[in-house]
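Quick notes on the structure that follows.
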Number of protein chains: 2
Amino acid sequence: MTSIAEQKLHPRDRLLRTASRLFYAYGLHTVGVDRLVSEAGVTRATFYRHFPSKEDLIVAYLRSRSEEIRNGVEQVVADSRGREALLRIVNVLGEDVCSTGFRGCPFLNAAAEYPDPAHPVRVAVSDYHAWFFQVLRDRAVEAGHADPDHTARVLVLLRDGALQGGALGDPQQARATLRRAAEELLAAADRSSRSE
Amino acid sequence: MTSIAEQKLHPRDRLLRTASRLFYAYGLHTVGVDRLVSEAGVTRATFYRHFPSKEDLIVAYLRSRSEEIRNGVEQVVADSRGREALLRIVNVLGEDVCSTGFRGCPFLNAAAEYPDPAHPVRVAVSDYHAWFFQVLRDRAVEAGHADPDHTARVLVLLRDGALQGGALGDPQQARATLRRAAEELLAAADRSSRSE
DNA sequence: CAGAGGGGAGAACGATCGGTCTTTCTCTGG
DNA sequence: CCAGAGAAAGACCGATCGTTCTCCCCTCTG
């Protein structure tokens, strides 16, 4: 079951990679410990040596995804500002939607499986969302928007909607709709910021 | 466990009501048959006399939710047309987001738990989404929008995003953002339809 | 009054769940 | 060289999963 590339990785990393793949593709509750350890080429004992429980692995999975995205976005933000940065972030989102094996936002999917907002899984989701909102807000401020909070809120809303749409229907369509809606939003925000 | 109001209902209806409540509040995989039958005040045998499997109950739950919403929306559509109907639909959506016990869209939540698009559960979700899109598109045509498909797609996107936002964060905020974004979208569409 | 059938109560099925345990092997650092 | 840690292999735990079963009661209907 274990892929050749993962053979020589530390068991913990193998587990995390396998978890990322399986959890995202099949859902959190559906994937059991049995399947995780067998596909990761790891024993149950090893599993529980690195993670106190399955729940901790789920949280670790979400945190690692979060960090990946953070790195990607901060790279975008590093060499662009304001309006351009916002458009580029939206663009990256649109590309994600169209990537093969896309199955929606890992965080939204996780939240759907964990109703309790106080649950560690949900806290990880909230952290991610708060971070993303802040990034967008900062860029909106850079762009001189009159109401950066609103810009960021709508962009988050568009993101969530597009990711769901891409997972349920036609990804290309979702991407195009997201892009156009974002451009219209930014155009409106630009107008109101100039009129001040 | 069974509420007084549900005591005299037929076992099948009691099951469906209990399923609606539990599935929505706690998720599809989390709620087991044990809990369903005990809270519905029904025996396991009775359960399987009315539903071939748990999966069929899940589908029945989604279908019944779909029908409820259909009735509500068609009531709105019955005495308003075009732009006004669109705004009223968005309004109802916003109210739903703020209702107590709101936990996001039942269909989006269900889709998150069932990755396979061919699965009966996912088919029910797709059916609902297709219907909703069509309703919006028809109203956009009535409103004389230049690109009714785009209007409907963005409204669906806004809906999905707002429902997720309301489930994860502040419902009031999500409602306000949805409303404002929808108004801006419709204003833009009105402009482009007039300019034709 | 007889018989059919829906429903209640609950045992039981095999499978799987998350989690713990023992045993053996291998690698590494002192 | 040897101690000790980490990992592999796999048995094992109680609990729960979805599903099927038997048994009995109750209420219809003929």
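Read the figures in this text as sums done on the coordinates, not as results from a lab. Please read these numbers as outputs of a predicted model, since none were measured by experiment. No Cβ is skipped: glycine too gets one built from the backbone with ideal geometry, and neighbour counts run over all protein chains shown.
Some observations on this one:
- The protein assembly as shown: C-alpha gyration tensor shape, a/c 1.5 cut-off, then a/b vs b/c: oblate
- Taken about its Cα centre, region A:1-111 carries a charge dipole of roughly 240 debye when the Cβ of each Lys and Arg holds +1 and the Cβ of each Asp and Glu holds -1.
- Here the 3J(HN,Hα) profile of region B:75-83, calculated from phi with Karplus coefficients 6.51, -1.76 and 1.60 at θ = phi - 60°, is 5, 5, 5, 4, 10, 7, 10, x, 4 Hz, Gly and Pro shown as x.
- Using alpha-carbon coordinates, inclination of helix A:171-194 to the longest axis of chain A, degrees: 40 degrees
- Per residue of peptide B:106-112, the mean number of Cβ atoms on other chains within 10 Å of the residue Cβ is 6.
- Counting Cβ atoms of other protein chains within 10 Å of each residue's Cβ and taking the mean over peptide B:145-158 gives 4.
- The modelled label-to-label distance between B:T30 and B:V141, using points 7 Å beyond Cα along the C-beta direction, is 4.1 nm.
- Tensor-based shape of region B:1-91 (alpha-carbon gyration tensor, a/c under 1.5 rounded, otherwise prolate or oblate): prolate
- Theoretical FRET efficiency, 1/(1+(r/R0)^6), r = Cβ-Cβ of A:D79 and A:E55, R0 45 Å, to 0.05: 0.75
- Amide H partners (placed H, <5 Å) of B:G27, local residues excluded: none
- Sum of -39500 (n - 2.57) over DSSP H runs of 4+, divided by residues of chain A (222 nm, nearest 500): -25500 deg cm²/dmol
- Overall shape: oblate for region A:72-159, with the ratio a/c of the largest to smallest alpha carbon gyration tensor axis at 1.5 or above and b/c at least equal to a/b.
- Model label sites at A:R88 and A:A45, defined 7 Å from Cα along the beta-carbon direction, differ in position by 5.0 nm.
- Within region A:89-104, backbone nitrogen closer than 20 Å to the virtual label 7 Å beyond the Cα of A:A176 toward Cβ: A:90-100, A:102
- Selected from A:S64, A:S126, A:S53 as most flexible by GNM, with chain A as the system and alpha-carbon contacts under 10 Å: A:S53
- 10 Å Cβ neighbours from other chains, averaged over peptide A:175-185: 4
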